[in-house]
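Okay, so here's the structure we're looking at.
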Amino acid sequence: MMHNRAGRKLRRTTSHRMAMFSNQLDSLMTHERIQTTLTKAKELRPLAEKLITAAKNDGVSARRKVSQWIPDRTTVKKVFENIAPRFVDRPGGYTRILRLGARKGDAAEAAILEFVDYRFEPKEKGPRKESLSDRARRASGGRVETVRKDKPEPEEGGDEGAAERKAAPRQPKPGRGDKAAKGTKTAPKKGPSRTGPSKRGA
Amino acid sequence: MPNPKRRHSKARRDKRRAHDALPPPALSDCPNCREAKQPHRVCPHCGHYKGRQTINA
Ligand SMILES: [Zn+2]
């Protein structure tokens, strides 16, 4: 039997749990649909429904009641002026839960909590947006390198520089005393650089 | 505290686990795309559920 399963603690302290619900309610009211785990959705649903029912009768009391759960004033406004009026004729049951199956990572049953009048619009498949790593690849001419400000750019053809690089192939942040030595041996920021930063935007 | 007297062989351990396997998930056909999907869940292949598209798949 599925009796007496409500009021799950979700492995959180009371304040943690209430803070989470508060955030989730804000997100749900703002975006009209949220993805979470099935258990959280099931806990959240009655809270959300009660807020909407309360918001059907606008007034100071109702506003305060909703504000207890929803921290954001503009969201509270939206609940009263947009969401609740949509459901005046519906006696409860403003939301639905869609099961999505086990998610990757922790195999928790994922779920979507959405308003019953939510209209899903499928995303059109456009050209892929350039990601940050794409940009880095393009800027460096095919190679991806981490951009480091403190890394001295290798000198051209200098034996000293090569020797130093060999001695310390990957240098952490230059420590005290390092600076003086480096200044004399390698000329930083001169000559055509082979690494990223200066070629950026070319 | 009592301790095991003898080491258990791999065969013994594996025989114990012979009944531990999890059953495969129940699957049904998606009415939209005919792929196998779990019942009562949004189809992961086409995003349809109860006759309408609900997610981008
Ligand atoms: Zn399908």
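Computed from the coordinates by the stated procedures, all read-outs in this text should not be read as laboratory data. The structure presented is a predicted model; accordingly, all values stated were derived computationally and were not measured. Cβ coordinates were reconstructed from backbone atoms using ideal geometry, including for glycine residues, and neighbour counts include every protein chain displayed.
Quick notes on this structure:
- Hydrodynamic estimate: the Kirkwood radius of chain B over Cα pairs, inserted into Stokes-Einstein at 20 °C and 1.002 mPa s, corresponds to D of 144 µm²/s.
- Segment B:31-51 and segment A:45-119: distance between their alpha carbon centers, rounded to Å: 26 Å
- Average beta-carbon neighbours from other chains, 10 Å sphere, peptide A:109-116: 1
- Pairwise FRET efficiency - A:MET20 versus A:ASN57, Cβ, R0 = 35 Å, nearest 0.05: 0.80
- Applying a DSSP loop filter and a limit of 15 other Cβ atoms within 10 Å to the trypsin sites (Lys or Arg not before Pro) in segment A:72-107 leaves A:ARG103, A:LYS104.
- Sites matching trypsin sites (Lys or Arg not before Pro) across chain B that sit in DSSP coil, with at most 16 neighbouring C-beta atoms within 10 Å: B:LYS5, B:ARG6, B:ARG7, B:ARG34, B:LYS50
- In segment A:46-144, GluC sites (Glu not before Pro) in a DSSP loop with at most 10 other beta-carbon atoms within 10 Å: A:GLU124, A:GLU130
- Residues B:HIS45, B:HIS19, A:HIS31 arranged by fewest to most Cβ contacts within 10 Å: B:HIS19, A:HIS31, B:HIS45
- In terms of other Cβ atoms within 10 Å, A:PHE120, A:PHE115 run from fewest to most in the order A:PHE120, A:PHE115.
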